[in-house]
Amino acid sequence: MRISGAKNSVLPLMAASLLTSDRVVLRNVPRVWDVFTMKKLLGQLGVSVTVTEEGTAELQASEITSRRAPYELVRTMRASILVLGSLMGRCREASVSLPGGCAIGDRPVNLHINGLKKLGANVELDKGYVNASAATLTGSEIYFDTITVTGTENMMMAAALAEGETVLLNAACEPEVVDLADMLRKMGAIIEGDGTAAVRIRGVKKLSGAEHSVIPDRIEAGTFIIAGCLAGGGLKIADCCPSHLDALLDKLKDVGHTFDIGDNSVAILPPGKSVCQDMTTRPYPGFATDMQAQYMVLMTQTAGSSVIDETIFENRFMHVPELKRMGADIRTDGGKAMVRGATPLTGANVMATDLRASASLVLAGLFAEGETIIDRVYHIDRGYEKIEEKFRSLGASIERIK
Ligand code: EPU
């Protein structure tokens, strides 16, 4: 089973095409809805974007005809905020709708705004929009109170075309941040320290085009690895990057699962005796919040009790009531969920609420007795490419009925 390119990499990479009038070519682009939402948004800003069936995207922002990201698009995809940094870098002007609340939490963008102000931008909130402008952007030291992935990416893009040096402190270390830095360097940016908490960017006058291949999606890989664990082994995940999965694989080894880890593959072997393990979500290299819901399904099917502590988002347990309806024994208390396993799951009609919650319901449905129908499945299509085809190729009985 092959893993697709990372959704959370391709979105900032596409946004970075705004930084140059030259052509940017991306390979290993996943054909997921968020990519097409970003294509639409960039199109409205004047960027020509094509995405082939084979997953090659060509983007060219010869001329930027609008600097406004409208509410209609931003509300369907929060990652639209990524055009804030790139528009400021290139045009010194941007108007981006505030994303508003979301199914997994409040998700403010104050750190993006503070960062731009540190670079000398004038930023005002008006009628639900962040309006930013600057005569010049000047490098500065930006300390993030909270580690923010897209905030770090936005500041890297704005600072790449600022005057002088910017240092980002308490920066996100996620592989997707490193992937963006890698492409920005190909475009001529001077960036070092990405992948650590201190990223140094020396601004340049101009960036050029580049060709870049998107890293494999570690969350898709993790979701299939959990499926392999639930199945009791016998599954091999190819074209992934095991070093991006350390926290997950370590935790699963503690639970009792065994793996054969290659350079670009993970084979899930039959487990020894498995026992529930507590888990706390953390920024990378910690256990990803985007894998919390899927891990919880595994815990419902593993003997013992475990506490899952969600520390990144305040409302990321929307899958819990649905899993309980399928027979899971879970109690929540604020950001903590107590899971008691193993309880048999039974098929039910359930509702998807966000991308990763939906993935957990697919996993639960595949290992439940009887039929499960998942409503609002469009959430899954935002970030998983052909999930039902991939699971079918592994022998699962799953079909899209609408
Ligand atoms: N935060 C603030 N202020 C800000 C920005 C963030 O307080 O200005 C807080 C958030 O509320 C949250 C924490 O900081 O509590 C971390 O949020 P972060 O900014 O890192 O999240 P993000 O950049 O909006 C990205 C991914 C998410 C993933 C998170 C955490 C993309 C496009 N999205 O979101 O992916 O969960 O990082 O790793 O990269 C998903 O793919 O399903 C998904 C939600």
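Only the coordinates and a few stated rules stand behind these numbers; no lab work does. Just so it is clear, the structure is predicted and the values come from calculations on it, not from any experiment. FYI the Cβ positions are ideal-geometry reconstructions off the backbone, even for glycines, and counts take in every protein chain you see.
When only alpha carbons are used to place a centre, segment 125-180 and segment 190-218 end up 12 Å from one another.
When the trypsin sites (Lys or Arg not before Pro) in segment 127-193 are filtered for DSSP coil states and for at most 12 other beta-carbon atoms within 10 Å of their beta-carbon, the remaining sites are Lys127.
The translational diffusion coefficient of segment 12-103, from Stokes-Einstein at 25 °C and 0.890 mPa s with a Kirkwood hydrodynamic radius over alpha carbon pairs, comes to 187 µm²/s. For segment 1-89, the list of GluC sites (Glu not before Pro) that fall in a loop by DSSP and count at most 10 other C-beta atoms within 10 angstrom reads Glu53, Glu54, Glu63. Taking every full run of DSSP H in the chain, the ones that stretch at least 15 Å from end to end by Cα along their long axis and average -0.5 or higher on the Kyte-Doolittle scale are 33-45, 149-160, 175-186, 218-231, 355-366.
In plain terms, if you count all Cα to Cα distances in the chain and split them into 10 Å steps from zero, the share in each step is 5, 23, 32, 24, 13, 3, 0 percent. Proximity of backbone amide H atoms, modeled 1.01 Å from N, is registered between Ala69 and Ser95, Val96, Ser97 at under 5 Å, excluding neighbours fewer than 5 places apart on the same chain.
The modelled label-to-label distance for the pair Ala231/Asp263, using points 7 Å beyond Cα in the direction of Cβ, is 2.6 nm. For segment 223-318, a/c is not less than 1.5, where a ≥ b ≥ c are the root eigenvalues of the C-alpha gyration tensor, and a/b does not top b/c. That puts it in the oblate class.
Restricting the trypsin sites (Lys or Arg not before Pro) of segment 213-296 to loop positions (DSSP other than H, G, I, E, B) with no more than 15 neighbouring Cβ atoms within 10 Å leaves Lys273.
The mean sequence separation of alpha-carbon pairs under 8 Å and at least six residues apart, normalised by the residue count of segment 135-267, gives a relative contact order of 19 percent.
The slack between Ala103 and Thr346, meaning 0.36 nm per residue of separation minus the straight C-alpha distance, is 84.9 nm. If a paramagnetic tag sat 7 Å from the Cα of Phe36 along the Cα-Cβ line, which residues of segment 46-71 would have the backbone N under 18 Å from that point? Only 49-58 pass the distance filter. Our estimate of slack between Lys324 and Asn114, defined as 0.36 nm per intervening residue step minus the Cα-Cα distance, is 71.5 nm. By the helix-only formula, in which each DSSP H run with n ≥ 4 contributes -39500 (n - 2.57) and the sum is divided by residues, the chain has a 222 nm mean residue ellipticity of -9500 deg cm²/dmol. Using 19 Å as the cut-off for backbone N distance, which residues of segment 39-75 belong to the label zone defined by a point 7 Å from the Cα of Glu93 along Cα→Cβ? Taking a point 7 Å out along Cα→Cβ of Glu93, the residues of segment 39-75 whose backbone N falls under 19 Å are 42-47, 61-71.
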